[in-house]
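Visitor: There's a structure below that I have some questions on.
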Amino acid sequence: MLAQLTVRDFAIIDRLTIEWSDGLNVVTGETGAGKSIIIDAVGAMLGGRVTPDMVRTGCARATVEGVFDLTGMDDLGDLRSALDEHGLGIEDGGLILTRDVAGSGGRGVARINGRAVPTAVLQSIGEHLIDIHGQSEHLSLLRPREHLELLDRYAGHSTERAQLARLVGELRGLEREQVRIREEARQAQREQQLLRHEVDEIDAAALAVGEEDDLAQRRTRLRNVERLRAGVTAAYAALSGDEDRVGAADLVGKGSAALGGVVGSDPALNEHVEALDAAAVQLDDAVRALRKYLDGIEDDPEQLEIIEERTLLIGDLKRKYGDSVGEILAYADGARARLEAVERQDELIGALDERRRALRHDIGLLADALSRRRREVAAELERGVEAELGDLNMRARFVVSLQQAEDPGGVPVPTHLAASRRNGTAAPEAVEHVPGRATTLAFDATGIDRVEFLIAPNPGEEPRGIGRIASGGELARIALALKTVLSRVDRRGTLIFDEVDTGVGGRSAPVVGEKLWGLTGEHQVLCVTHMPQVAAYADAHLVVTKGTDDHATRVVVRTLAPGERTEELAQMLGGPLGGAGARRNARELLDGARVRKQALRDGRPGAQSSPDTEPKTARAGKKAALRARRG
């Protein structure tokens with residue numbers, strides 16, 4: 001449960017600490033005293049939307065902190081899983097959620113057990129701790145898209161819904177992939193002829209990496225044959241000699257021979273002889289190499305023309321496909337891959353179609369089973385809500401309408417299901433299955449059902465949409481009836497009701513208080529109310545007052561002692577002019593609520609007029625049965 005709430009510099013609250021009790025906590029006070037601001041603060045603590053104007057005037061930031069005692073919760077599985085997912089844990093049997101709201105230009109911070117976390121994590125954890133139901137939730141009943149969520153919440157379909165949403169998400173992703181591949185294939189088919197021409201052109205060139213450098217060298221040599229011949233001839237003559245002079249090779253040989261003749265007289269000359277001998281060998285090698293080069297060099301206009309054409313071909317390919325032979329070859333590889341993709345498109349699209357058919361089949365089966373389960377649970381919800389409405393003096397017929405729509409692009413469901421559900425009633429019909437036949441129904445991530453709550457406020461009327469016929473007071477009672485029924489399967493420890501009795505008449509008000517108190521067998525309940533008949537059922541009664549201190553507004557919350565409750569209820573009944581009569585009526589309300597609560601605890605005859613008035617032991621047994629049913 002929520003054990004303590006601390007609020008600092010939030011709206012008109014400067015500093016406030018509230019100790020909450022288990023059971024039914026009722027909050028009362030004059031209009032504008034700050035009751036709903038406390039609920040807003042709780043919403044901010046749970047990760048709700050905040051704005052800088054929520055910070056108290058003249059302050060830099062506001063802080064809301066809640067201390068949760070989890071020692072009394074029977075089932076912490078979902079909460080523990082959510083905490084484990086984010087590397088968090090329960091400390092000393094509880095959790096502390098903190099939200100700092102920054103003023104203009106600042107940055108807020110969210111914390112769990114002192115550790116900073118993203119706001120989304122705070123929301124995720126808060127969803128497992130508290131459920132807030134205010135007047136705005138009445139308006140959600142006017143939106144049929146919310147009705148399916150309420151039905152599945154009552155049935156506990158979270159696992160099936162998650163599995164169905166995963167399959168539908170995979171199917172939508174696959175369909176997007178099919179569209180992309182088909183578009184790419186169409187584009188590639190339009191380019192196929194061009195791609196094949198390009199590949200053939202590059203393949204026909206038989207390019208080799210490094211070929212350009214070799215061609216450049218050969219072309220330069222062929223273009224300069226005469227210069228090369230003249231230069232090499234002169235070098236050859238200088239080394240080998242001619243008729244007019246002795247060549248360098250012969251001179252070095254003679255020099256070596258001359259030194260060799262006198263080396264015996266001075267051994268120091270031996271190293272010079274060796275150097276000349278080595279030079280003579282190198283010169284001899286150079287002479288032979290130059291001779292061979294001269295014998296091989298010749299004008300070859302045809303070869304030069306071939307090289308020039310080859311160079312032009314490579315240059316043309318470079319202009320089309322890349323800046324080098326390597327890039328040209330890489331472009332050809334890519335073009336071949338695209339051609340192969342075109343050739344494989346039928347195979348690839350066929351495989352995707354097969355997977356799509358399998359997914360649609362699986363989605364149809366899962367949506368089919370979920371729809372049948374919804375129909376069964378819808379009948380339970382109808383009976384439960386009608387019973388609650390009866391207790392609230394509203395003899396209405398409540399109908400959960402489930403509709404489906406045929407769609408050629410939908411998912412296949414057995415024909416017997418489609419036939420039995422198009423009438424829109426909740427009760428399943430005994431219709432024989434037609435083997436091998438199926439109807440394709442429209443679907444989304446929630447399944448194949450379109451759910452709407454219908455109401456017939458008076459006997460003999462045809463059920464119609466809640467938003468079309470319900471008055472404000474009827475809407476409030478319908479919301480309370482739904483909330484009461486749904487709360488029996490709600491695993492969250494704390495339920496908050498913010499003036500949900502608005503629009504409810506005095507005759508129904510005691511039943512509202514009884515039902516809110518009846519929820520305390522499984523939940524801590526916090527309720528903001530203006531009705532003394534509801535406040536009489538409180539296990540803890542808190543009063544909110546607003547005053548001024550040093551020219552600043554302050555909000556004070558005080559828990560009333562048992563003897564103070566009579567005066568508070570008298571004020572709620574008659575105000576300052578209520579007098580002794582109002583106090584007498586207040587005592588009667590408190591005495592009546594006390595007797596009724598004891599009767600409900602004891603389970604005495606006549607104390608079970610509605611499912612919510614069962615003894616707490618019986619409600620606990622039903623809760624265990626509901627959990628077993630939900631798996």
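Visitor: Identify, by number, the condition in (1) buried (at least 16 other Cβ atoms within 10 Å of the Cβ); (2) at pLDDT 70 or above; (3) not in a loop (DSSP other than H, G, I, E, B) that Ala204 doesn't meet.
Guide: Condition not satisfied by Ala204: (1).
Visitor: If you don't mind, there's one more thing I want to ask. State whether the residues of the stretch 387-396 include one that is at pLDDT 90 or above and touching a strand residue (DSSP E or B) at 6+ places or on another chain (Cβ under 6 Å).
Guide: no
Visitor: Show the residue pairs meeting these rules: Cβ distance below 7 Å; 6+ apart or different chains; first residue within the stretch 328-341 and surrounded by 14 or more Cβ atoms within 10 Å (Cβ to Cβ); second residue not in a helix (DSSP H, G or I).
Guide: Pairs that qualify, where the first residue is surrounded by 14 or more Cβ atoms within 10 Å (Cβ to Cβ) and the partner is not in a helix (DSSP H, G or I), are Ile328/Leu207; Ile328/Gly322; Leu329/Leu207; Tyr331/Gly322.
Visitor: Just to confirm my filter: which strands (runs of 3 or more DSSP E) fall fully inside the stretch 79-186 and include at least 1 residues that are surrounded by 15 or more Cβ atoms within 10 Å (Cβ to Cβ) and at pLDDT 90 or above? Reasoning before the result, please.
Guide: Working: elements: 94-102, 109-112, 115-117, 130-134.
Here the list reads 94-102, 109-112, 115-117.
Visitor: Does the stretch 261-280 include one or more residues that are more than 60 Å from the chain's Cα centre (by Cα), within 30 Å of Arg227 (Cα to Cα) and part of a helix (DSSP H, G or I)? Break it down stepwise before answering.
Guide: Initially, the stretch 261-280 is screened for residues more than 60 Å from the chain's Cα centre (by Cα), giving 261-280.
If we keep only those that are within 30 Å of Arg227 (Cα to Cα) too, we end up with 279-280.
Now restrict to residues that are part of a helix (DSSP H, G or I): 279-280.
Looking through the stretch 261-280, at least one residue is more than 60 Å from the chain's Cα centre (by Cα), within 30 Å of Arg227 (Cα to Cα) and part of a helix (DSSP H, G or I).
Visitor: Then there is this: Are any residues in the stretch 369-415 surrounded by fewer than 21 Cβ atoms within 10 Å (Cβ to Cβ), among the charged types (D, E, K, R) and under 28 Å from the mean Cα position of the chain (by Cα), and if so, which ones?
Guide: Passing the criteria: only Arg373.
Visitor: Surrounded by fewer than 17 Cβ atoms within 10 Å (Cβ to Cβ) and at pLDDT 90 or above: is that true of Glu65 in this structure? I'd like the intermediate steps shown before the answer.
Guide: Working: surrounded by fewer than 17 Cβ atoms within 10 Å (Cβ to Cβ): no; at pLDDT 90 or above: yes.
The answer is no for Glu65.
Visitor: Can you tell me how many residues within the stretch 397-432 are touching a strand residue (DSSP E or B) at 6+ places or on another chain (Cβ under 8 Å), modelled with pLDDT of 50 or more and assigned to a helix (DSSP H, G or I)?
Guide: The total comes to 1.
Visitor: Any idea which residue in the stretch 1-33 is modelled with the highest pLDDT, counting only those that are of a type in the set (S, T, N, Q) and not in a strand (DSSP E or B)?
Guide: Let us first name the residues in the stretch 1-33 that are of a type in the set (S, T, N, Q), namely 4, 6, 17, 21, 25, 28, 31.
Remaining after also requiring not in a strand (DSSP E or B): 21, 31.
On the way: Ser21: 92, Thr31: 81.
The qualifying residue modelled with the highest pLDDT is Ser21.
Visitor: Another question, if that's okay. Find the residue count for the stretch 579-600, including only residues that are basic (Lys, Arg) and touching a residue at least 40 places away in the same chain (Cβ under 8 Å). Steps first, answer last, please.
Guide: Just the residues of the stretch 579-600 that are basic (Lys, Arg), to begin with: 583-584, 587, 594, 596-597.
Pick out the ones that are also touching a residue at least 40 places away in the same chain (Cβ under 8 Å) and you get 596-597.
Matching residues across the stretch 579-600 total 2.
Visitor: Got at least one residue in the stretch 52-68 being out of contact with any strand residue (DSSP E or B) (no Cβ under 9 Å at 6 or more places or on another chain) and in a helix (DSSP H, G or I)?
Guide: Yes, because at least one residue in the stretch 52-68 is out of contact with any strand residue (DSSP E or B) (no Cβ under 9 Å at 6 or more places or on another chain) and in a helix (DSSP H, G or I).
Visitor: Let me ask another. Hey, any hits in the stretch 34-42 for a residue that's touching a strand residue (DSSP E or B) at 6+ places or on another chain (Cβ under 8 Å) and not in a helix (DSSP H, G or I)?
Guide: Yes, some residue in the stretch 34-42 is touching a strand residue (DSSP E or B) at 6+ places or on another chain (Cβ under 8 Å) and not in a helix (DSSP H, G or I).
The values are calculated or read from the model by the stated rules, or taken from the named source; none is laboratory data. What you see is a predicted model; the values in this text were computed from it and never measured. Using ideal geometry, Cβ is built from the backbone for each residue, glycine included, and neighbour counts are taken over all protein chains shown.
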